[in-house]
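Here's the structure, in structure tokens; my notes come after.
Here, each number is a calculation from the coordinates, and none is a lab measurement. As the structure is a prediction and not an experimental result, all values here were calculated from the model. Note that each Cβ is placed from the backbone with ideal geometry, even for glycine, and that neighbours are counted across all protein chains shown.
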Amino acid sequence: MRAQRGRDRQCAPLPSLAPRPALCHNTAQFTPEPERWRIVTAAHITQLALITGASRGLGAAFALELARKGFHIMAVARQSGGLEALDDRIVEAGGRATLAPMDICDPAHRQHLSDAIMARWGGLSLWVHCAINAPPLTPAAHIVEKDMARALATNLSATAALIAHLEPLLRARAGRAVFFDDPACAGAKFFGSYGATKAAQIALVRSWATESARIGPDVRILHPRPMRGALRARFFPGEDRAALTSPQNEAHRLLERVRGP
């Protein structure tokens, strides 16, 4: 199905940002300058949701649930293949998505993303942050420095930078930001790198939530139940996966917390 629809997918960079990664609307092939490309602007949509870490797991499930609720989805992930598969599912559900294959650890990519959202839509209704780096499980004394550095860059530094870029966009739409805690891993054996960087991310987000409580945006921290997925399988390879909920069910459950008062 993806190959058949690929001919209809189109992509274009903003002219002033052409050297940076293109933001692609329903794209399977990333052509730099298509002859025709319909830019989706605020006049064509009512609510825009940015999902960082959208290619699989809870991020993909949230993107699909929100698309069914009428949100236009801006889907961010490093690999385009997962985004294209997500786009197929969104279109099948009657929704629409803009795909942004990018690295959230790259300052130029982050700047391009925020500039493009402001230029095309003028603001952001919802940001759901699911992007995470999960380094190998290891005793604290055996942590590899480059693994810790990568986890810090993704889980903490990139999150802080995205907050700075996206806060004005969320305020422009009286928007909301959503993050997910994983407290069971904090202090657990062999979870030093992941647990420490995830806890640091949530500490940062709690500060932002307190700072913005009166002036916006609305910042929420949710607690997903254990889910079947690649990350969980890496952390707990011998676990009975049949006893776990699915990302789809969990996204459906948590969506009420996202949209409620």
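Between Arg150 and Ala119, the distance separating the two model label sites (each 7 Å from Cα on the Cα→Cβ line) works out to 3.2 nm.
Using a cutoff of 8 angstrom between alpha carbon atoms and counting only pairs six or more residues apart, the relative contact order for segment 87-171 works out to 37 percent.
Here's how it looks for Phe190: its modeled amide H is under 5 Å from those of Ala140, which are all 5 or more places away or on a different chain. Taking 0.692 mPa s as the viscosity and 37 °C as the temperature, the Stokes-Einstein diffusion coefficient of segment 124-170 based on its alpha-carbon Kirkwood radius rounds to 269 µm²/s.
Full extension of the chain between Ala174 and Ala230 gives 16.8 nm of extra length, using 0.36 nm per residue less the Cα-Cα distance. Across segment 105-118, coupling constants 3J(HN,Hα) worked out from phi with the 6.51/-1.76/1.60 Karplus curve, θ = phi - 60°, read 7, 8, x, 5, 5, 4, 5, 4, 4, 5, 4, 5, 4, 5 Hz, and Gly and Pro carry x.
The GluC sites (Glu not before Pro) found in segment 59-153 include none that occupy coil by DSSP while having at most 14 further C-beta atoms within 10 Å. Residue order for Asp182, Asp87, fewest other beta carbons within 10 angstrom first, comes to Asp182, Asp87.
Restricting the trypsin sites (Lys or Arg not before Pro) of segment 42-138 to loop positions (DSSP other than H, G, I, E, B) with no more than 14 neighbouring Cβ atoms within 10 Å leaves Lys69. Could you size up the charge dipole of segment 102-195 around its Cα centre, putting +1 on the beta carbon of Lys and Arg and -1 on that of Asp and Glu, and report it in debye to the nearest 20? With Lys and Arg at +1 and Asp and Glu at -1, about 240 debye. Excluding same-chain neighbours fewer than eight residues apart, the lysines reachable from Lys198 by a Cα-Cα span under 24 Å are Lys146, Lys189. The chymotrypsin sites (Phe, Trp or Tyr not before Pro) found in segment 149-254 that occupy coil by DSSP, while having at most 16 further C-beta atoms within 10 Å, are Phe190. Taking each residue as 0.36 nm, the span from His165 to Arg89 lengthens on full extension beyond its C-alpha to C-alpha distance by 24.5 nm.
Once the Cα-Cα distance is subtracted from the 0.36 nm per residue extended length, the Ala108 to Asp240 segment shows a gain of 43.3 nm. Once each part is reduced to its C-alpha centroid, what is the distance from segment 98-151 to segment 227-261 in angstrom? Centre-to-centre (Cα) distance: 21 Å. Once both labels are positioned 7 Å from their Cα atoms along Cα-to-Cβ, the gap between Leu222 and Thr210 label points is 2.5 nm.
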